[in-house]
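Here is the structure we will look at.
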Amino acid sequence: LYVPNNLVVVVVGAVDPSVVRAEAERCFGGVPRGRLAPVLVPSEEAQLAGRALHLREPVELTRAGMAWRVPGLTHRDAPLLDLLSTILGNGDSSLLWVRLRDDKRLVHSIDAHCWNPGEVGLFYISFTCDPDKRERAMDEVRAELARVAAKGLSPVLLRKAIRQLVVGEINSRKTMSGQAGHLGAAEVVAGDLHFSRGYFERLRGVKPAHLVRALRDYLRPELLTEISTSPAAGPEVVVKTRVGAPRTAEFSELRLKNGVRIVHQRDARLPNLHLRVVCHGGPMHEAPGLSGASALLATLLTKDTRSHTADQISRLIEGAGGSFYPFAGNNSLGFAVEVLPTDEDKALRVLGGALLEPAFREGTVEIERDSQLADLKQDMDDVVTYARKRLRERFFGSYPLALDANGTLETVGGLDAEAVAGLYHRLVMAPNVVVAVAGDFDPDRLLPKLERLAGALPVGGAIGRPPGFEAPAAAQWEERQPREQAVLFEAYPAPGLLDDDFYAGEVADELFSGMASRLFERVREEKGLAYFIRSSRVTGLSAGMFHFYSGTAAASVDAVYAEIDEEVRRVRSGGVEEAELERCRVRLRAARRQSLQTPGARALNAGLNALYGLPVNDWASYDARVSAVTRETLAEFACRRFRPEHRVRLVVKP
């Protein structure tokens with residue numbers, strides 16, 4: 001396979017073509033020529049008929065999949081199958097989501113995908129549900145497919161799906177890697193660099209009857225393969241592109257009289273508009289017993305309003321090919337709307353309803369609360385996530401960061417509409433709200449509309465910086481879980497986002513993480529003591545936790561702890577080499593630039609900076625701050641932060 005005839009190298013970005021050509025010649029010029037590798041297509045006789053595989057596992061929820069084999073990317077029916085998967089299971093207004101989640105309450109989540117990167121592909125419907133609802137959910141999926149096959153699809157659904165595919169194509173081209181991936185796949189799979197253009201031309205002539213024909217041809221009951229995992233104690237299982245204005249380098253800030261801040265950056269290189277609302281939220285702002293309310297509030301802000309139902313809103317935004325989604329973390333909550341620039345007014349209508357007139361209806365609250373509970377149960381299935389949550393509880397104690405933004409089964413189970421509405425009225429006040437805009441828009445037209453909208457928020461007191469955290473005393477904990485491996489954690493107090501040594505923590509985290517780190521090389525590669533080992537952080541505004549974690553055999557726990565402590569001693573003593581440190585700086589600088597390629601990522605970054613009292617364009621100083629971290633800085637950081645008297649350990653053993 002590895003011969004020039006089969007090899008395509010794609011480079012996109014700010015590069016000198018002559019340098020790329022010379023480097024490609026150096027890397028690949030010596031590869032011997034060979035014959036073109038044959039494309040292997042399984043014969044019709046080799047195709048599998050329908051099968052069912054249902055497994056019992058030590059999990060909390062049932063995860064199920066229903067799959068059919070379909071043709072590959074270049075087949076004439078590939079666009080039809082992509083459209084069909086989009087209509088059935090892409091978004092909150094999709095047929096399966098509305099029927100099985102909102103109407104029947106059978107699943108917590110459900111989606112559909114068509115994966116066809118080569119000569120053959122997979123049409124896949126997946127969902128999570130309670131164990132006792134698996135069979136009914138699968139029956140309902142079959143019934144919905146049969147209904148579509150018998151009664152057809154409306155032109156409205158087809159137009160919405162086409163728009164979603166167009167917007168998805170635009171979104172995938174936001175980054176250099178996305179553009180490179182498109183070109184590489186087009187050349188290798190389709191043999192045509194302009195494949196996307198032809199693909200979307202083929203969509204123009206699609207009619208609902210074509211989709212029904214594809215469903216009948218490929219999603220036949222006798223070719224269905226089912227698979228699921230359930231708890232062991234559960235029941236028995238048998239586009240046209242255009243050249244726009246360049247991106248404005250920095251965000252500008254507009255402060256309204258009521259205290260709302262609007263930060264905005266124009267970038268017309270792609271037809272994409274991103275609007276994001278951020279405000280203070282998370283564990284630091286939740287009353288005792290209401291942990292997880294911020295995450296539920298963020299979700300509900302994207303649902304019902306006083307004038308529209310959640311279904312109407314999702315149909316409006318998804319009909320435009322847009323997206324509307326919440327977010328919540330340790331320090332903030334909010335939501336984002338992303339559309340084509342021509343749908344600016346639709347985005348503003350959705351944003352205004354969520355911000356100014358949310359309606360916390362009991363039925364919707366119940367659905368989303370159950371979904372959040374399902375996510376918490378899934379966390380129990382992953383031993384690393386489970387152990388990290390237990391570590392936070394032991395490390396932070398009574399400090400709010402002891403719990404993550406999603407809360408616990410007990411606290412989320414007790415949330416109701418009144419509790420969520422109370423949190424909304426306390427947090428969503430003008431001085432605590434930032435609206436961030438990035439993408440293709442006319443500031444003279446859009447900003448006055450945003451001013452009128454955000455200016456209607458009530459004035460209230462600004463939320464100040466949260467209190468600091470008293471470091472814990474040294475402790476060591478052990479738990480047992482029905483798992484195959486041990487997972488260990490070692491934690492120390494860390495700086496908050498607003499602390500002076502935050503960037504030293506950034507570099508330290510990079511130093512201890514990744515497959516190129518000394519810690520990984522020694523523990524995994526040289527000694528074979530662990531399956532994985534790295535570091536991470538929990539970051540608040542005024543406090544944090546720096547922790548190492550590793551997956552290993554139960555007999556190797558003490559040896560891995562010893563290696564972690566030895567690596568900490570090396571850093572404390574100034575033993576980090578300059579070349580090693582510079583590699584960390586380079587990786588961090590590159591990762592930061594890559595993370596800010598999309599308008600959505602830049603809007604989030606600028607919005608959070610404004611919310612936390614940092615310069616809106618704080619990203620511009622990132623390189624300099626990371627470069628200013630020296631070996632001496634790291635040594636001082638490790639001596640002050642990684643002190644044995646504050647070390648907390650937790651190990652979960654089989």
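Laid out as a table, the results:
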{"quantity": "Accessible area (Å², 1.4 Å probe, nearest 10) - S126", "calculated": "30"}
{"quantity": "Long-range Cα-Cα pairs in the range 333-420 (distance over 15 Å), rounded percent", "calculated": "71"}
{"quantity": "Rounded FRET efficiency, nearest 0.05, which uses the C-beta distance separating K151 from E57 and R0 of 51 Å", "calculated": "0.85"}
{"quantity": "P(r) histogram, all alpha-carbon pairs of the range 389-495 included - 10 Å bins from 0, percent", "calculated": "9, 24, 27, 21, 13, 5, 0"}
{"quantity": "Size of the range 333-380 as Cα extents on the principal axes (Å, biggest first)", "calculated": "43, 23, 17"}
{"quantity": "Net charge contributed by nearby residues that have their C-beta within less than 12 Å of F360 (K/R +1, D/E -1)", "calculated": "-3"}
{"quantity": "Rounded FRET efficiency, nearest 0.05, which uses the C-beta distance separating T385 from R202 and R0 of 45 Å", "calculated": "0.60"}
{"quantity": "Largest-first principal axis extents of the Cα set of the range 521-577 (Å)", "calculated": "37, 27, 17"}
{"quantity": "Cross-link partners of K257 among aspartates and glutamates (Cα-Cα below 17 Å; sequence separation of 8 or more within a chain)", "calculated": "E451"}
{"quantity": "Within the accessible area of the range 301-362 (1.4 Å probe), percent carbon and sulfur", "calculated": "51"}
{"quantity": "Solvent-accessible heavy-atom area per residue, rounded to whole Å², over the chain at 1.4 Å", "calculated": "45"}
{"quantity": "Cα-Cα P(r), the range 448-539, percent of pairs per 5 Å interval", "calculated": "2, 9, 13, 13, 14, 13, 9, 7, 6, 5, 5, 3, 1"}
{"quantity": "For the range 45-199, alpha-carbon Rg and Dmax in angstrom", "calculated": "17.2, 48"}
{"quantity": "Separation between Cα centres of the range 313-391 and the range 518-565, rounded to whole Å", "calculated": "33"}
{"quantity": "For the range 560-654, convex hull volume per residue from C-alpha positions, Å³", "calculated": "176"}
{"quantity": "Pair K104, V120: separation of 7 Å Cα→Cβ label points (nm)", "calculated": "2.9"}
{"quantity": "Accessible carbon and sulfur surface of the range 108-217 relative to its total accessible area, %, 1.4 Å", "calculated": "57"}
{"quantity": "Distance (nanometres) between label positions extended 7 Å along Cα→Cβ at R583 and R569", "calculated": "2.3"}
{"quantity": "Two-decimal Rg to Rh for the chain - Kirkwood Rh, Cα set", "calculated": "0.96"}
{"quantity": "The range 537-654, accessible surface, carbon-and-sulfur percent (1.4 angstrom probe)", "calculated": "53"}
{"quantity": "MRE, 222 nm, helices only [DSSP H, n ≥ 4, -39500 (n - 2.57), over the chain, to nearest 500]", "calculated": "-12500 deg cm²/dmol"}
{"quantity": "Partners for K346 among lysines (Cα-Cα distance below 23 Å; same-chain residues under 8 apart left out)", "calculated": "K160, K174, K240, K303, K449"}
{"quantity": "The range 459-610: C-alpha gyration tensor shape, a/c 1.5 cut-off, then a/b vs b/c", "calculated": "prolate"}
{"quantity": "Charge dipole of the chain about the Cα centre (unit charges at C-beta), most positive-ward option of A149, I162, P431", "calculated": "I162"}
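The values are calculated or read from the model by the stated rules, or taken from the named source; none is laboratory data. What you see is a predicted model, and the numbers here were worked out from it, not measured in a lab. Because the Cβ atoms are built from the backbone with ideal geometry, glycine has one as well, and the counts that use them run over all protein chains shown. Accessible surface areas use protein heavy atoms only, side chains included; no ligands, DNA or RNA. Shrake-Rupley method; radii C 1.70, N 1.55, O 1.52, S 1.80 Å.
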